[in-house]
Amino acid sequence: MKQIIRPHAEQAFAHELEALSRFDKKDKPANWKLSPWAVLNYILGTSLEDGTVITPKYIGDKKIVEIAIASLLSDRALLLIGIPGTAKSWLSEHLAAAISNDSTLLVQGTSGIGEDSLRYGWNYAQLIAHGPSKQALVAGPVMKAMLEGKLVRIEELTRIPTEIQDAMITILSEKIIPIGELNEEIQAIQGFNVIATANDRDKGIYPLSSALQRRFNTVNMPLPESIEDEVRIVHDRVIQLGQQMHVSMDLLKDSLTKKLVLIFRELREGYSIDKKQKIKASQAGLSPAEAISILH
């Protein structure tokens with residue numbers, strides 16, 4: 001079989017999700033594949049009675065994950081906001097994998113996105129031949145999630161123009177999508193909810209309207225508190241990538257990982273670790289050659 005470069009979370013960690021499901025005897029909300037208890041253990045990591053190790057997907061404050069899960073249990077959507085590197089997308093993907101066993105219902109926010117990406121579109125061949133009909137309707141990820149009772153992810157919400165963002169207001173408040181052309185509506189079934197992410201450095205691009213903000217529970221995603229936590233995150237992620245690509249990462253020692261983390265931490269914060277020297281952040285990242293030279 002051909003090797004997939006980046007499998008979805010529910011594919012890469014299928015054995016962990018299956019193991020948790022076997023031991024999950026707690027009540028599950030409607031259309032959730034795992035109970036809130038099992039979702040929490042999948043995200044934070046644990047060891048099961050049969051010896052199966054559930055690797056941590058998020059290294060940080062347990063309370064953040066608890067609030068995120070509690071938000072998704074409510075009728076309010078979840079907004080994860082923070083600067084790049086705070087694991088917003090990573091956490092949203094794994095929450096969708098654990099809850100819906102499907103992280104593929106995704107809207108990628110850009111300035112050129114249209115309202116049909118958040119609602120629905122049309123098969124124009126069918127539309128021209130037969131006029132507006134359900135057969136001509138093309139459901140977007142949000143509508144599919146509503147019909148199937150799953151989570152849908154919206155990445156980079158503040159990169160979506162405000163007038164397009166506001167298409168979500170009716171969806172989040174009334175849990176419906178009106179289809180004016182058919183004089184009908186799509187109603188969400190239980191299990192549907194939205195996880196959105198936003199970069200708080202993008203506040204000046206397309207700010208969220210107050211009406212839309214009120215329909216989200218917002219969780220601010222912090223950077224790792226310590227260098228040790230950040231080193232552990234980088235180390236674990238590199239090992240996972242090495243396993244997926246069948247490449248040995250033996251040369252990447254912990255000491256070298258720490259050097260890389262220190263460099264990027266200083267560039268990100270604009271100061272040396274001891275706060276004595278101001279550092280001008282580069283607009284360009286390290287090239288592969290520079291990274292290799294550091295590793296060696």
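The values are calculated or read from the model by the stated rules, or taken from the named source; none is laboratory data. Small disclaimer: the values here were computed from a predicted structure and weren't measured. Because the Cβ atoms are built from the backbone with ideal geometry, glycine has one as well, and the counts that use them run over all protein chains shown. For accessibility, only protein heavy atoms count, side chains too; no ligands or nucleic acids. Shrake-Rupley method; radii C 1.70, N 1.55, O 1.52, S 1.80 Å.
Could you compute how much accessible surface Phe192 exposes when probed at 1.4 Å, giving the result in Å² to the nearest 10?
Ignoring ligands and nucleic acids, Phe192 comes out at about 20 Å².
With a 1.4 Å probe and every protein chain left in place, tell me how much accessible area Asp75 has, in Å² to the nearest 10.
110
Compare Ile5, Ile59, Ile171 by solvent-accessible area with a 1.4 Å probe and give them largest first, with all protein chains kept in place. Please report the intermediate quantities before stating the final value.
Details: Ile5 145, Ile59 30, Ile171 0 Å².
Final ranking, largest accessible area leading: Ile5, Ile59, Ile171.
Given a 1.4 Å probe and the protein chains all in place, what does the accessible area of Thr158 round to, in Å² to the nearest 10?
Here the accessible area works out near 10 Å².
Using a 7 Å offset from the Cα along the Cα-to-Cβ direction at both Ala70 and Glu184, what is the distance between the two label points in nm, to one decimal?
Here the answer is 4.0 nm between the modelled labels.
In terms of solvent-accessible area of protein heavy atoms at a 1.4 angstrom probe, what is the ranking of Leu40, Leu79, highest value first? Mind showing how you got there, number by number?
On the way: Leu40 35, Leu79 10 Å².
Per-residue accessible area, sorted high to low, gives Leu40, Leu79.
Under 5 Å between amide hydrogens, which residues at least 5 positions from Asn217 or on another chain qualify, with H placed 1.01 Å from N in the peptide plane?
Amide H neighbours of Asn217, under 5 Å, 5+ apart: Ala77, Leu78, Leu79.
In the structure displayed, which of Lys62/Lys88; Lys33/Lys144; Lys63/Lys150; Lys144/Lys175; Lys26/Lys144; Lys25/Lys57 lie more than 20 Å apart, Cα to Cα?
Values: Lys62/Lys88 15 Å; Lys33/Lys144 17 Å; Lys63/Lys150 24 Å; Lys144/Lys175 13 Å; Lys26/Lys144 27 Å; Lys25/Lys57 22 Å.
The pairs that break the limit, which is 20 Å between Cα atoms, are Lys63/Lys150; Lys26/Lys144; Lys25/Lys57.
Which number do you get for Rg(Cα) / (2.2 N^0.38 Å) in region 150-222? Don't jump to the answer; show the numbers that get you there.
Working: Rg = 13.4 Å, N = 73, 2.2 N^0.38 = 11.2 Å.
Expressed relative to 2.2 N^0.38 Å, the Cα Rg reads 1.19.
How much length, in nm to one decimal, is gained on full extension between Asn123 and Val53, taken as 0.36 nm per residue of separation minus their Cα-Cα distance? Intermediate values should be presented prior to the final figure.
Working: separation 70, 0.36 × 70 = 25.20 nm, distance 4.62 nm.
Going from the current span to full extension adds 20.6 nm.
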